[in-house]
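Notes to accompany the following structure.
Bear in mind these aren't lab numbers, they're just calculated from the coordinates by the rules spelled out. This structure is a prediction, so every number in the text was calculated from the model and none was measured. All Cβ positions, glycine included, derive from the backbone under ideal geometry; neighbour counts span all protein chains shown.
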Ligand code: 0O2
């Protein structure tokens, strides 16, 4: 099967999820309450990256559909850590997909320093041949977690996963700093929100 055909439903999932999650953000704004969502992005995993992951994990290409869970990926970025759990709770009440797995890398950060909340969902895609279920990943993280993860991802790409010791320890320190930043911001959350409301009214 052509890649274009394999990836078509995933492309549709990413587009639909982006609309739905951005819709949540708009609804919060309409109600002039603090939106737990700062922004939403999404991507279909590039073919080379799917093939790399499949090869590394010994997954045959006819099994990628069920074995690679993040071919369709959307990311919800929040201001504050507790916004993440607000979104998680809201996603639990939805009826348009089923949550099949959750990984809380905030409560249990990875050894790399990575923090984020991952949700694997089974999403029904309406096609001209009927409804097809596909897996997708929703990553939910703060701006600080996102800043760290994006930079760490670029460095890993540059060094092909073998980071020099100095870079690695700087990244560990940066992860600590990002954690502290989230903690401090949480402590002054209500003040920040009040300031943002005043700014919004002007
Ligand atoms: P890309 O390029 O973002 O697509 P598992 O089978 O559960 O052990 P899996 O399936 O890789 O492992 O799931 P996991 O660990 O939840 O990671 C899925 C995605 O989370 C990754 O996709 C990254 O996007 C992100 N992620 C996980 N760990 C890290 C990390 O240490 N640093 C950064 N920057 N991102 C991370 P891919 O396919 O690795 O990459």
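Highest GNM mean-square fluctuation, the chain, Cα pairs closer than 10 Å: which of 96, 82, 65?
96
Taking only Cα atoms and a 10 Å spring cutoff, compute GNM fluctuations for the chain and point out the largest among 54, 174, 72.
In the Gaussian network model the winner is 54.
Given contacts defined as C-alpha pairs under 8 Å and at least six residues apart, what's the relative contact order of the range 87-202, whole-number percent?
18
Relative to the present Cα-Cα distance, how much length would full extension add between residue 62 and residue 111 at 0.36 nm per residue of separation?
14.5 nm
Separation between the residue 191 and residue 25 pseudo-spin-labels, each 7 Å from Cα along Cα→Cβ, expressed in nm?
Here the modelled spin labels are 2.7 nm apart.
Can you figure out the FRET efficiency of residue 120 with residue 177, using R₀ = 35 Å and their beta-carbon distance, to the nearest 0.05?
Computed FRET efficiency for residue 120 and residue 177 comes out at 0.75.
So what is the diffusion coefficient of the range 61-114 in µm² per second by Stokes-Einstein at 25 °C and 0.890 mPa s, using a Kirkwood Rh over Cα pairs?
D, rounded to a whole number, is 180 µm²/s.
Per residue and in cubic angstrom, what volume does the convex hull of the Cα atoms of the range 1-49 have?
Enclosed volume per residue, from the Cα hull, is 58 Å³.
When the Kirkwood radius is taken over all Cα pairs of the range 134-202, what Stokes-Einstein diffusion coefficient follows at 37 °C and 0.692 mPa s, in µm²/s?
226
Would you calculate the separation in nanometres between label points at residue 89 and residue 48, each defined as 7 Å from the Cα along the Cα-to-beta-carbon direction?
4.3
Starting from the Kirkwood Rh over alpha-carbon pairs, what translational D in µm² s⁻¹ does the range 3-115 have by Stokes-Einstein at 37 °C and 0.692 mPa s?
The Stokes-Einstein estimate is 205 µm²/s.
So what is the calculated 222 nm ellipticity per residue for the chain, using -39500 (n - 2.57) for each DSSP H run with n of 4 or more, over all residues, to the nearest 500 deg cm²/dmol?
My calculation for the chain gives -17000 deg cm²/dmol from helical runs alone.
Only Cα pairs within less than 10 Å get springs; with that Gaussian network setup on the chain, which residue of 18, 63, 180 has the largest fluctuation?
63
Based on the Cβ-Cβ distance of residue 159 and residue 101, what FRET efficiency does E = 1/(1 + (r/R0)^6) give at R0 = 35 Å, to the nearest 0.05?
It comes out at approximately 0.75.
Based on the alpha carbon coordinates of the chain, what radius of gyration and maximum Cα-Cα distance (Dmax) apply, in Å?
My reading of the Cα-based Rg and Dmax gives 18.5, 57 Å.
Label residue 41 and residue 167 with points 7 Å out from Cα along Cα→Cβ: what is the distance between them in nm?
Taking the simple label geometry, residue 41 and residue 167 are separated by 1.9 nm.
Report, in whole Å, the centroid distance computed from the Cα atoms of the range 74-135 and the range 1-72.
Between the Cα centres of the range 74-135 and the range 1-72 lies a distance of 11 Å.
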